[in-house]
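Since the structure comes first, as structure tokens, the remarks are kept for the end.
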């Protein structure tokens with residue numbers, strides 16, 4: 001069969017094959033954040049990969065709705081691949097865990113699917129690790145999630161990073177002071193999100209916005225920094241809704257400060273580009289050297305209720321592939337020891353002993369000659385190679401390779417060698 | 001501190017952009033921007049300039065290869081890139097127009113069948129036609145779009161019009177305004193947050209220069 005140019009040898013755009021160092025780095029990174037989430041008292045949850053389209057599109061922005069991969073099952077039901085973990089977890093919390101002691105704390109690690117335009121750090125299948133804290137609407141719950149996001153960035157080995165924290169209620173509060181319809185509000189939000197003062201000013205005139213609303217909206221792109229930002233935001237807040245957002249941010253900031261993590265927290269009232277279901281705080285994490293966010297999160301108090309059980313909730317997700325781009329942590333390549341020839345009893349016995357001593361060991365099942373075994377060990381970045389020499393006199397007596405000339409070892413010597421390698 | 005990297009569009013807006021940055025203290029030596037060098041620093045060493053094709057400027061900025069960039073709004077919209085666009089810069093003004101032969105004025109384009117529209121802006125042309133209900137096939141071209149109606153490749157075109165001379169010389173007329181465009185300053189979203197003070201300061205200095213120039217016009 002001629003496969004030249006055929007699709008069977010390619011992958012679709014937007015997915016990736018990971019192996020060797022990249023697969024190891026991903027595994028290590030996932031284990032590290034799972035360990036951290038465990039330390040904070042979060043338990044793992046594993047939602048299904050596909051569900052009904054109507055479930056997964058719950059409260060989704062029109063943009064995200066379009067990005068869902070959908071398909072029809074054999075009974076004609078419209079299904080979709082999960083585009084994030086938050087919606088499935090909200091469904092599980094509302095339908096199965098509604099009578100469990102609150103709050104619920106869950107973490108997840110898994111792949112999600114979105115039909116993204118392929119640009120700037122976006123894939124169509126990508127991995128997320130994150131947490132959801134359900135059943136607590138307090139500032140302390142917000143602060144726990146923000147702090148955990150900061151600790152996650154620290155656990156990744158990042159030094160220069162920051163979390164930009166905003167509150168969707170601030171701009172919404174300001175705009176509720178006007179009589180704009182939803183479409184016009186979305187236009188204003190887009191202009192604020194693009195930091196386009198010219199467009200905001202044009203719309204202010206076109207839509208006939210009240211002066212105090214225009215002043216506050218135009219100030220939002222500048223409301224970014226330390227707690228002094230909150231003072232200015234308070235002055236500009238035209239009503240109780242906007243004021244409440246400022247006060248929530250102040251409470252969260254102070255909780256984060258009590259843990260000594262505030263150096264990484266930037267208050268940013270322009271942080272409004274979020275998932276459609278966010279109702280309160282919203283944040284993105286940025287690391288030096290990466291042109292797009294590494295993590296994002298926020299409060300979603302209405303999402304669980306849309307599945308039938310009222311539960312305020314807050315959470316965040318880390319983009320694993322993006323984290324891999326910025327983290328300095330590198331997984332070690334190659335095994336500790338390759339031992340051959342695989343057909344020799346001495347070889348497999350030695351391999352077993354070395355594994356019990358804690359080494360990562362491969363057996364050379366191709367029965368290479370010593371020089372070939374050495375070359376193979378070098379090519380695969382194995383740290384040591386041992387060849388168990390056959391023959392009547394020193395049956396199974398091992399050579400130690402990769403340390404210069406082949407060296408004949410006694411069992412005792414080898415034992416000592418093995419124990420030194422584990423260090 | 002690390003210098004800011006600024007992507008500038010090669011060609012028609014390059015000099016005006018360099019001039020603008022010079023007016024806020026980021027000027028380059030006289031011989032820096034000529035010749036074939038694509039990367040050069042300003043005299044103070046606080047900015048690095050990258051010369052890119054205009055259509056590539058939003059790409060450099062979205063990926064963070066450049067912290068800031070200067071590009072026409074037309075090109076930015078066509079690119080669909082996610083960047084901040086805090087400032088219009090007052091130069092490089094032009095209009096994106098639907099144009100065609102004079103007799104097209106009298107036709108109801110929505111009722112036309114088999115209409116072909118040539119453009120260097122296929123995305124914007126497609127969006128415009130869909131919004132207007134014009135059933136057109138978009139023909140992407142890389143230049144000399146005015147040629148397309150003359151040789152029968154397309155019925156209409158969507159292109160940038162500065163003075164209208166090129167259209168007239170090819171016997172074409174303006175049919176509809178799609179958008180006004182001028183140079184805008186764009187900023188990488190993460191850079192803007194990670195270097196907020198530096199970038200915001202630069203933006204306000206440029207805004208001041210632009211406002212002063214507008215008053216003098």
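The values are calculated or read from the model by the stated rules, or taken from the named source; none is laboratory data. What you see is a predicted model; the values in this text were computed from it and never measured. Positions of Cβ are backbone-derived with ideal geometry, glycine not excepted, and every protein chain shown enters the neighbour counts.
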Residue count, region B:13-45 (criterion: modelled with pLDDT of 90 or more, surrounded by 15 or more Cβ atoms within 10 Å (Cβ to Cβ) and either farther than 26 Å from residue A:289 by Cβ or more than 20 Å from the chain's Cα centre (by Cα) (or both)): 8
One residue from A:313, A:282 being within 14 Å of another protein chain (Cβ to nearest Cβ), at pLDDT 95 or above and either more than 30 Å from residue A:24 (Cα to Cα) or surrounded by fewer than 24 Cβ atoms within 10 Å (Cβ to Cβ) (or both): A:282
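Here is a yes/no grid of residues against (1) more than 14 Å from every other protein chain (Cβ to nearest Cβ); (2) touching a helix residue (DSSP H, G or I) at 6+ places or on another chain (Cβ under 6 Å); (3) more than 17 Å from residue B:92 (Cα to Cα):
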{"position": "B:153", "(1), (2), (3)": "yes, no, yes"}
{"position": "B:171", "(1), (2), (3)": "yes, no, yes"}
{"position": "B:179", "(1), (2), (3)": "no, no, no"}
{"position": "B:186", "(1), (2), (3)": "no, yes, no"}
{"position": "B:195", "(1), (2), (3)": "no, no, yes"}
{"position": "B:205", "(1), (2), (3)": "yes, no, yes"}
{"position": "B:210", "(1), (2), (3)": "no, no, no"}
{"position": "B:213", "(1), (2), (3)": "yes, no, no"}
Selection from region A:82-138 of residues that are within 14 Å of chain B (Cβ to nearest Cβ) and within 20 Å of residue A:50 (Cα to Cα): A:116
Qualifying helices (runs of 4 or more DSSP H) (wholly inside region A:1-110; at least 3 residues being at pLDDT 95 or above): A:20-39, A:53-56, A:86-95
In region B:73-94, the residues that are away from chain A (no Cβ under 14 Å) and closer than 18 Å to residue B:142 by Cα: B:74, B:75
Number of the exception - residue A:265 against (1) within 13 Å of chain B (Cβ to nearest Cβ); (2) farther than 21 Å from residue B:197 by Cβ; (3) modelled with pLDDT of 95 or more; (4) over 16 Å from the mean Cα position of the chain (by Cα): (2)
Matching residues, region A:343-391, being at positive phi and free of Cβ contacts under 8 Å to residues at least 60 places away in the same chain: A:367, A:381, A:391
In region A:207-231, residue nearest to the chain's Cα centre (by Cα) [restricted to those that are more than 14 Å from chain B (Cβ to nearest Cβ) and surrounded by fewer than 16 Cβ atoms within 10 Å (Cβ to Cβ)]: A:227
Among residues of region B:80-134, those that are in contact with a strand residue (DSSP E or B) (Cβ under 6 Å, 6 or more places away or on another chain), under 30 Å from residue B:18 (Cα atoms) and assigned to a helix (DSSP H, G or I), counted: 1
